[in-house]
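Written out below as structure tokens is the structure these notes cover.
The values are calculated or read from the model by the stated rules, or taken from the named source; none is laboratory data. Fair warning: this is a prediction, and the values are worked out from it, not measured in the lab. Glycine gets a Cβ as well: all are built from the backbone with ideal geometry, and neighbour counts include every protein chain shown.
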2 protein chains.
Amino acid sequence: MTITITCFEHSPDGGKGLARDTRVRWALEEVGQPYEVRGVPFPKLKEAEHLARHPFGQIPVFEEDDLTLFESGAIIFHLADRYGGLLPEDPNARSRAIMWLFAALNSVEPSILDLQNAKFAEGDKPWASERMPLVLERIKQRLKQLSDRLGDNEWLDGEFSAGDLMMVSVLLRLKPSGILGGFPTLTAYVERGEARPAYQRAFKAQQAFNAASAPA
Amino acid sequence: MTITITCFEHSPDGGKGLARDTRVRWALEEVGQPYEVRGVPFPKLKEAEHLARHPFGQIPVFEEDDLTLFESGAIIFHLADRYGGLLPEDPNARSRAIMWLFAALNSVEPSILDLQNAKFAEGDKPWASERMPLVLERIKQRLKQLSDRLGDNEWLDGEFSAGDLMMVSVLLRLKPSGILGGFPTLTAYVERGEARPAYQRAFKAQQAFNAASAPA
């Protein structure tokens, strides 16, 4: 059985670990599965070969024998479900860990992606600077609620789970913005995630991949 | 064992089935589980009692004995996982159905929610009309990709699954906009979903709930 993940040949962040393959690499390290990596150059993302693997022309893609998956949430759930170690055994605790996996992607990440859209896709539009405070306010409102729920706990619900892996990954995308600094509870939570050996290995692997594939 | 779901006391759509409790009701009907309904008035969404159930102050919430879940994706996954009928038995097919559940929420719904934000939260802003074409274009691009992948298939991957239930629910939110009309493949797909007896029962139940709780 061979696992292959597809990521950007050159990540737009140059190896800062903010592309979505890092979270999949992290999960693979947590469950202890080796993997191979296929880099896709940007122009090929919207070509037929890649679209057959990922209908929305994005990364990551996960391949394991005859199974092909896209969507980082689905890939991480699959790894947790098949290999264990990222979801509690108790059925209710398991459902709650999966809830946080969805919450990271659906209640927290959208406002963060909106910031990236506002900066990059709409940064040159006439409304860019006037609209920005509203975009930032939506993120802060969500972070406040998340911070309130996390409180003094180490992780979102008992032991570290796939839900924490995804939430930390999503929050890491805010690093360049500095917004996280206003939320010490979440800053410490993200640091606990980054300190995990599996995260460290994943981060270094994507960094090395980007360095090796960097244009001369 | 009693299941209780929490929804808006008065849905902003007045019972058109576009609030997120409808998808949970639909899943409950598909798996054949009875449920009770608690309506929450808008002002109470951000109060402590509701925030204890849902840290982001939204709906739906799902309660089953001592388990409390928020996030419609997590609730529908839980129902599919616990009661069967919405996920294939074959492990790879099951992982792909879960992939579509995530894809509906993460690759399709965000651009649709952005349209709702653009209409309602930013409808009175100076940039509203100038920005709208860009918001609509993002949706159409995603719908085109989804339509290409669905092609002539009845459902996204073999039999009807939790992934289709979520994708149809997400696409239904576009009904008021008329955008779906430009994608006959997706229009027919949504109609197949709406034609399911379980959807019909769920739709009527939320409609009756909204009618019964409507202000005099």
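Would it be correct to say that A:ARG201 is of a type outside the set (A, V, I, L, M, F, W, C), surrounded by fewer than 16 Cβ atoms within 10 Å (Cβ to Cβ) and touching a residue at least 40 places away in the same chain (Cβ under 8 Å)? In short, yes.
Give the stretch A:57-83 a look and list any residue that's hydrophobic (A, V, I, L, M, F, W, C), buried (at least 19 other Cβ atoms within 10 Å of the Cβ) and over 18 Å from A:HIS10 (Cβ atoms), or say none. Within the stretch A:57-83, A:PHE62, A:LEU69, A:PHE70, A:ALA74, A:ILE75, A:ILE76, A:PHE77, A:LEU79, A:ALA80 qualify.
A single entry from B:LEU51, B:LEU101 fulfils the requirement of being facing chain A (nearest Cβ under 9 Å), in contact with a Gly (Cβ under 7 Å, 6 or more places away or on another chain) and surrounded by fewer than 24 Cβ atoms within 10 Å (Cβ to Cβ): B:LEU51. Of the candidates B:ASP81, B:ASP65, the single residue that is acidic (Asp, Glu) and more than 8 Å from every other protein chain (Cβ to nearest Cβ) is B:ASP65. Number of residues in the stretch A:7-25 that are among the β-branched types (Val, Ile, Thr) and over 16 Å from A:ALA198 (Cα atoms) equals 0. Scanning the stretch A:92-106 turns up one or more residues that are of a type in the set (Lys, Arg) and closer than 14 Å to A:SER161 by Cα.
Rundown of residues vs (1) within 24 Å of B:LEU69 (Cβ to Cβ); (2) out of contact with any Lys or Arg (no Cβ under 6 Å at 6 or more places or on another chain); (3) within 12 Å of chain B (Cβ to nearest Cβ), yes/no style:
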{"position": "A:VAL135", "(1), (2), (3)": "no, yes, yes"}
{"position": "A:LEU150", "(1), (2), (3)": "yes, yes, yes"}
{"position": "A:GLY158", "(1), (2), (3)": "yes, yes, no"}
{"position": "A:MET166", "(1), (2), (3)": "yes, yes, yes"}
{"position": "A:LEU172", "(1), (2), (3)": "no, yes, no"}
{"position": "A:GLY181", "(1), (2), (3)": "no, yes, no"}
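If B:PRO43 meets every condition in (1) more than 12 Å from chain A (Cβ to nearest Cβ); (2) closer than 26 Å to B:GLN200 by Cα apart from one, which number is that one? Exception for B:PRO43: condition (2). For A:GLU130, indicate whether it is more than 14 Å from chain B (Cβ to nearest Cβ) and exposed (fewer than 15 other Cβ atoms within 10 Å of the Cβ). Criteria not met by A:GLU130.
Here's the yes/no breakdown for (1) assigned by TED's automatic domain parsing to the domain that holds B:TRP26; (2) without any contact (Cβ under 8 Å) to a residue 60 or more places away in the chain; (3) closer than 30 Å to A:SER129 by Cβ:
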| residue | (1), (2), (3) |
| --- | --- |
| B:LYS125 | no, yes, yes |
| B:SER129 | no, yes, yes |
| B:ARG138 | no, yes, yes |
| B:LEU143 | no, yes, no |
| B:GLY151 | no, yes, no |
| B:GLY163 | no, no, no |
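Those helices (runs of 4 or more DSSP H) of the stretch B:16-109 in which at least 2 residues are over 30 Å from A:LEU67 (Cα atoms) and more than 13 Å from the chain's Cα centre (by Cα), considering only elements entirely within it, cover B:48-53.
Scanning for something among the hydroxyl-bearing types (Ser, Thr, Tyr) and in the same structural domain as B:LEU186 (by TED's automatic domain parsing), does the stretch B:85-102 turn up at least one residue? Looking through the stretch B:85-102, at least one residue is among the hydroxyl-bearing types (Ser, Thr, Tyr) and in the same structural domain as B:LEU186 (by TED's automatic domain parsing). Taken over the stretch B:140-186, the criterion of being hydroxyl-bearing (Ser, Thr, Tyr) and surrounded by 15 or more Cβ atoms within 10 Å (Cβ to Cβ) is satisfied by B:SER147, B:SER161, B:SER169, B:THR185. Scanning the stretch A:110-127 for residues that are more than 24 Å from the chain's Cα centre (by Cα) and within 11 Å of chain B (Cβ to nearest Cβ) yields A:LYS125, A:PRO126, A:TRP127.
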